[in-house]
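Asks: Before anything else, here's the structure in question.
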Amino acid sequence: MDVIKHDVLIVGGGLAGLRAAIAAAVEGVSVGLVSKVYPMRSHTVSAEGGAAAVVRTDTGDSLQLHFEDTIKGSDFLADQNVAEYFVQEAANELIQMEHWGCPWSREPDGSVAVRAFGGMSVHRTMFASDKSGFHMLHAIFQTSLKYDKIVRYDENFVTSLLVDDGRCQGVVAMDQRSGEFRLFTAKATILATGGCGRLWAFTTNGFINTGDGHGLAYRAGAPLSDMEFPQYHPTGLPGTGILITEAARGEGGYLVNKNGDRFLSDYIPSRMELGPRDIISRAEITEMEAGRGVPGRYGDTVMLDLRHLGDELINRKLPFVRELAERYIGIDPVHNPIPVRPVVHYMMGGVRTDIDGQSPLPGLFACGEAAQEGLNGANRLGSNSLTECLVFGARTGRVAARLAAQTPEASAAAIEALGADEEARIAARFGEATGDERVGQIRSDLQLTMERLVGVYRTGDSLKQAAEELRTLKERFTRVRVDDHTRVFNMELQAALEVDFMLEIAETVVAPSILREESRGSQARRDFTDRDDEKFLVHSLAYRTENGPQIEWQPVILTTESLTALPPAERKY
Amino acid sequence: MTESTIKLAVTRYRPGQDREPTVQTYTVPYHDDWVVLDALQYVKDNIDGTLSFRWSCHMGVCGSCGMMVDGTPKLTCAAFLRESYPREVRVEPLANFPVVRDLIVDIDDFMHKLSEVKPYIIREDLDSLPLGLGHELRQTPAELEDFKQFGMCINCMLCYSACPVYAMEPKFLGPAAIALAHRYNMDSRDQGRNQRMPVIGSSEGIWECTFVGECSVVCPKHVDPAAAIQRTKLATTNDWFKSMLMPWGNR
Ligand SMILES: Cc1cc2nc3c(=O)[nH]c(=O)nc-3n(C[C@H](O)[C@H](O)[C@H](O)COP(=O)(O)OP(=O)(O)OC[C@H]3O[C@@H](n4cnc5c(N)ncnc54)[C@H](O)[C@@H]3O)c2cc1C
Ligand code: SF4
Ligand code: FES
């Protein structure tokens, strides 16, 4: 088996992985960047609304304010030292992106423009029209091309982490072009594999967002944290789940029910359409349950009305919204309201790391959506996560590079044996798999289970039912068949490996959701409707055991260095 | 009521197994809001797990899913079955690229060309510019407009597939790479034009491009690469004249 050596190995070519790669390259170490798709195809590309930082003060903004909005948005489950560092570094990173060519939208005087976003108390979200993620990803990917220290391995699918001697020493990956397995060894390995929205049927996430990195870390013994908190975005297009960005409300759009009422006045009158996502998603479901939804081909929706904004503003600031609505549901928002409903969008939870991106498994780091470094708590604020990818991508890349520079090489023989074992495992498991179950069928049943039972509102019973169904699905998966025996681009095999990860990660979502007997942020329990700080001002940690996840708890960090900490209090808007 | 269906005629090629590409026909349910990609994924999940193709975003922005649909290069996540129904839909890999397998083509050539045109901001002080609040390089909305359109490229390769010059001359940098070079040349923050122009001006094929404009017709993002090529040619000619008149100037 071929062995490829780097000082730092990064899995993932999205915004977080590329930022980490550049930061590590600047430190002078050799960097390998492995990604299952070409970097510019990573799902960062689909982000629309923008990225938050204190880049203007004429709006009344300050670091303290951004910090407080983030903590309050998180329903006090964010680690406050981490949020503090985040707001302090945010502007540096977004201006760095500016110097790297990101075409940010501008004010007439040439300074960067900012827009309103949910849960942000002033305008502070920088944007590149409504294709912010697309522009950021292409700008950073193209910039990364000038660093000779970064060697890319595009379209390589990582199947497992190499753990030897208590350390992560790299990864095993399948080169899709040849179907061959290769070993990538490294002194520090960074997972920047993005989210896992595809665990659910109705999601804004791309087909590739299967949470592989969560699965890789979990299997290697690192804990996944706060997985009970997937974020539901209030405005997904029925049918496809395509996102209509929050910027549509930031620019002044209204949410109305079937009577044409702006129903948020009953839920969050002080913020209305600019409230945090968890609160608005719940309000939408409550409206539909009360019979005030608008029936449609794919069930009930509410309506997002942009008509009063006029076509000039829509064309200038929300052209992609117009394009998506026209193309996928045949509605021109200049003339008609858009039907929308809550949709799974983002995973607050992830591989538990400290502020340096270091996981409890030595040698293993994580950043971006795949990580739970402590920023987002129980509800992330829209436009904080692109910035999160940059701030923690950069820090993690730097720290990993410095660690790598001091770490001796691992024993080659032991690692090669691990690689051979992994190839043999996959061949034995899927090579001759001739059962009666199809990969696609199990994936879709899993997604429907999560959709039905692990939604915006949950109960202990629905969650236990979900756990039961997951067990059945896992049992069915032992009988999965893989018909494809061609080595080159065997996408059926890759899909089987992804679903294998998904079935395990789904359990790490359900298990802590059952145990967290409270409602906080995006977890709304009908049987425990209040927040309970006595018991649950803690992060969950899911460790893998033979019998499924074992859950432990870890206190939230409530202290800061220079900004004023925000003690937990009732979350009032 | 029986469900309506539609036929997909899909090119298959599995290296090591098939000697040459063949066509396989699948019958899938017809929905008027399904795109070609939905139908392909239906095949993969329910009929034939061995069919390989690339996709991710399903919203026309990741650039993965370009294929020939009824003979025209299209994003399959934006090409609706209803555009063909009730006729069968012909799905082939993108023309002008080597086929790796089934509907997957090899785009290495473009990835190399992309690096060659130095698609990033070049300026001497780049790494020493201060960061943070108030330190953006100023750029007016009008300056942004000068290049924005050429920066909308999602690298979907539809334009290469439609380009008659690239079909004949694989060394041609091609529409998207030139559009991106032009995008950076036109960016008020950039000072790298002199480093990019030699790569582009000397490149094979640019002078053969006759402004057929097929690239701009198929481009799903209205990048208008044909316009970028024409402007680049003009600029290159100007540079050439300048270098003749002022042999030591501006070098
Ligand atoms: C539609 C949409 C709109 C959004 N809008 C906004 C917004 O306006 N503002 C905001 O702040 N946030 C937004 N978000 C959230 C934000 O875009 C994401 O959280 C962020 O882009 C994640 O970036 P990432 O680098 O962590 O992961 P990704 O960009 O998802 O990249 C993951 C990478 O990991 C690689 N990978 C995964 N598994 C493997 C494997 N097994 N082997 C090899 N490689 C692998 C993939 O190839 C990919 O390169 C939005 C999200 C969505 C879905
Ligand atoms: S220029 Fe247009 S057609 Fe060509 S790759 Fe870019 S987006 Fe695709
Ligand atoms: S799947 Fe992303 S462009 Fe079609």
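The values are calculated or read from the model by the stated rules, or taken from the named source; none is laboratory data. These numbers were taken from a predicted model, which means no experiment stands behind them. Cβ coordinates were reconstructed from backbone atoms using ideal geometry, including for glycine residues, and neighbour counts include every protein chain displayed. In case anyone asks, the SASA skips ligands and DNA or RNA and just uses the protein heavy atoms, side chains included. Shrake-Rupley method; radii C 1.70, N 1.55, O 1.52, S 1.80 Å.
Asks: What does the charge dipole of chain A about its Cα centre add up to, to the nearest 20 debye, if the Cβ of each Lys and Arg holds +1 and the Cβ of each Asp and Glu holds -1? Please list the in-between numbers first.
Replies: Values: 60 positive and 80 negative charges, 143 e Å.
Dipole size: approximately 680 debye.
Asks: Ranked highest first by average number of other Cβ atoms within 10 Å, how do A:490-501, A:312-323 line up?
Replies: Per-residue Cβ counts within 10 Å, averaged per peptide and sorted highest first, yield A:490-501, A:312-323.
Asks: Still on this model: Name the shape class, rounded, prolate or oblate, that the alpha-carbon gyration tensor gives for the protein assembly as shown, where a ≥ b ≥ c are the square roots of its eigenvalues, rounded holds for a/c under 1.5, and otherwise prolate holds if a/b is larger than b/c and oblate otherwise.
Replies: On the way: a/c = 1.24, a/b = 1.14, b/c = 1.09.
Taking the square roots of the gyration eigenvalues as a ≥ b ≥ c, the protein assembly as shown is rounded.
Asks: Take A:T210, A:T434 and sort them by solvent-accessible surface of the protein heavy atoms, 1.4 Å probe, largest at the top. Please report the intermediate quantities before stating the final value.
Replies: On the way: A:T210 5, A:T434 120 Å².
Highest to lowest solvent-accessible surface, that is A:T434, A:T210.
Asks: Ok, one more. Evaluate peptide A:486-494: per residue, the Cβ atoms of other protein chains within 10 Å of its Cβ; return the mean as an integer. Intermediate values should be presented prior to the final figure.
Replies: On the way: counts 10, 4, 10, 10, 5, 10, 6, 1, 1.
Per-residue shielding by partner chains comes out at 6.
Asks: Another one. By average Cβ neighbour count within 10 Å, what is the ranking of B:31-42, A:528-539 from highest down?
Replies: Details: B:31-42: 20.2, A:528-539: 15.2.
Output ranking for B:31-42, A:528-539: B:31-42, A:528-539.
Asks: Oh, and also: Could you size up the charge dipole of chain B around its Cα centre, putting +1 on the beta carbon of Lys and Arg and -1 on that of Asp and Glu, and report it in debye to the nearest 20? Kindly include the intermediate steps, with their values, before the conclusion.
Replies: Details: 26 positive and 32 negative charges, 86 e Å.
Charge dipole, chain B, about its Cα centre: 420 debye, nearest 20.
Asks: So which cysteines in chain B don't have a second cysteine's C-beta under 4.7 Å from them?
Replies: Unpaired cysteines in chain B: B:C65, B:C77, B:C153, B:C156, B:C163, B:C209, B:C219.
Asks: Report the one residue of B:Y13, B:G63, B:T25 whose Cα lies farthest in the direction of the positive end of the charge dipole of region B:5-105 (charges on C-beta: Lys and Arg +1, Asp and Glu -1; origin at the Cα centre).
Replies: Positive-most Cα among the choices belongs to B:Y13.
Asks: Kindly sort A:I244, B:I47, A:I279 by accessible area of their heavy atoms, largest first, with the probe set to 1.4 Å. Write down the numbers at each step before the final one.
Replies: On the way: A:I244 0, B:I47 70, A:I279 35 Å².
Most to least solvent-accessible, the answer reads B:I47, A:I279, A:I244.
Asks: Would you calculate a helix-derived [θ] at 222 nm for chain A, using -39,500 (n - 2.57) for each DSSP H run of n ≥ 4 and dividing by the full residue count, to the nearest 500? The partial results should precede the final answer.
Replies: On the way: 15 runs with 200 residues, N = 573.
Mean residue ellipticity, 222 nm, calculated: -11000 deg cm²/dmol.
Asks: I'd like the mean, over residues of B:42-51, of how many other protein chain beta carbons sit within 10 Å of each residue's own Cβ. It would help to have the intermediate numbers written out before the result.
Replies: Details: counts 1, 1, 7, 8, 4, 2, 3, 13, 8, 3.
For this peptide, the per-residue mean of nearby foreign Cβ atoms is 5.
Asks: Taking every residue in B:115-125, how many Cβ atoms of other protein chains lie within 10 Å of its Cβ, on average?
Replies: Shielding by partners across B:115-125 averages 4.
Asks: Set Lys and Arg Cβ to +1 and Asp and Glu Cβ to -1, take the dipole of the protein assembly as shown about its Cα centre, and tell me which of A:G435, A:L403, A:G49 lies farthest positive.
Replies: Final value for the positive-end residue is A:G49.
Asks: So, by mean Cβ neighbours within 10 angstrom, what's the order for A:541-547, B:113-119 with the highest one leading? Before the final figure, lay out each step's value.
Replies: On the way: A:541-547: 14.7, B:113-119: 20.9.
Highest-to-lowest ranking by the protection proxy: B:113-119, A:541-547.
Asks: From the residues A:T245, A:N156, A:G221, which one has its Cα farthest along the dipole of chain A in the positive direction, the dipole being from +1 and -1 charges on Cβ of Lys/Arg and Asp/Glu about the Cα centre?
Replies: Toward the positive end, the furthest listed residue is A:T245.
Asks: Turning to a different aspect of this structure: Normalized C-alpha radius of gyration of region A:175-301, against 2.2 N^0.38 Å? Spell out each step's value before the answer.
Replies: Details: Rg = 19.7 Å, N = 127, 2.2 N^0.38 = 13.9 Å.
Cα-based Rg divided by the globular estimate yields 1.42.
Asks: A follow-up question, please. Which percent of the accessible area of the protein assembly as shown is formed by carbon and sulfur heavy atoms (probe 1.4 angstrom)?
Replies: Numbers: 14380 of 28580 Å².
Reported share for carbon and sulfur atoms: 50 percent.
Asks: Over region B:5-105, what is the relative contact order in percent, taking alpha-carbon pairs closer than 8 angstrom and at least six residues apart? Provide the component values of the computation, followed by the final result.
Replies: Working: 188 pairs, mean separation 34.6, N = 101.
With pairs under 8 Å counted, the relative contact order is 34 percent.
Asks: Still on this model: Using only protein heavy atoms and a 1.4 Å probe, report how much of A:R487 is accessible, in Å² to the nearest 10.
Replies: The accessible area of A:R487 comes to roughly 130 Å².
Asks: How large is the accessible surface per residue of the protein assembly as shown, computed with a 1.4 Å probe and reported in Å² as a whole number? Write out the running numbers ahead of the final one.
Replies: On the way: 28580 Å² over 824 residues.
Here the residues of the protein assembly as shown average 35 Å² of exposed surface.
Asks: A further question on this structure: Put A:S178, A:S562 in order of accessible area, largest first, 1.4 Å probe: what do you get? Don't jump to the answer; show the numbers that get you there.
Replies: Details: A:S178 45, A:S562 85 Å².
Sorted by accessible area, descending: A:S562, A:S178.
Asks: Let me ask something else about it. Give the cross-link partners of A:K5 among the aspartates and glutamates, using a straight C-alpha distance below 14 Å as the criterion and excluding same-chain residues fewer than 8 apart.
Replies: A:E409, A:E416
Asks: May I ask which of A:K535/A:K572; A:K317/A:K572; A:K149/B:K233; B:K118/B:K221; A:K36/B:K74 have a Cα-Cα span longer than 28 Å here?
Replies: Numbers: A:K535/A:K572 21 Å; A:K317/A:K572 31 Å; A:K149/B:K233 34 Å; B:K118/B:K221 22 Å; A:K36/B:K74 23 Å.
Beyond 28 Å: A:K317/A:K572; A:K149/B:K233.
Asks: Considering the Cα positions of region B:108-250, please state its Rg to one decimal place and its Dmax as a whole number of Å.
Replies: 15.9, 50
Asks: For labels at B:L129 and A:A569 in the simple 7 Å Cα→Cβ model, what's the distance in nm?
Replies: 4.0 nm
Asks: Which value, in debye to the nearest 20, gives the size of the charge dipole of region B:108-250 about its Cα centre, when Lys and Arg are +1 and Asp and Glu are -1 at the Cβ? Walk me through the numbers on the way to the answer.
Replies: Values: 14 positive and 18 negative charges, 37 e Å.
So the magnitude is around 180 debye.
Asks: Oh, and also: Roughly how much of B:S128 is accessible, in Å² to the nearest 10, using a 1.4 Å probe?
Replies: Estimated to the nearest 10 Å², B:S128 gives 90 Å².
Asks: At the nearest 100 Å², what buried accessible area, both sides summed, do you get for A and B when the probe is 1.4 Å?
Replies: Values: alone 20410 and 13860 Å², together 28580 Å².
Approximately 5700 Å², summed over both chains.
Asks: Specify the angular offset, from 0 to 90 degrees and rounded to the nearest 10, of the alpha carbon long axis of helix B:225-245 from the longest principal axis of the alpha carbons in chain B.
Replies: That works out to roughly 20 degrees.
Asks: For a quick check of understanding: with a 1.4 angstrom probe and all protein chains in place, what accessible area in square angstrom does B:M67 have, to the nearest ten?
Replies: Number for this one is 0 Å².
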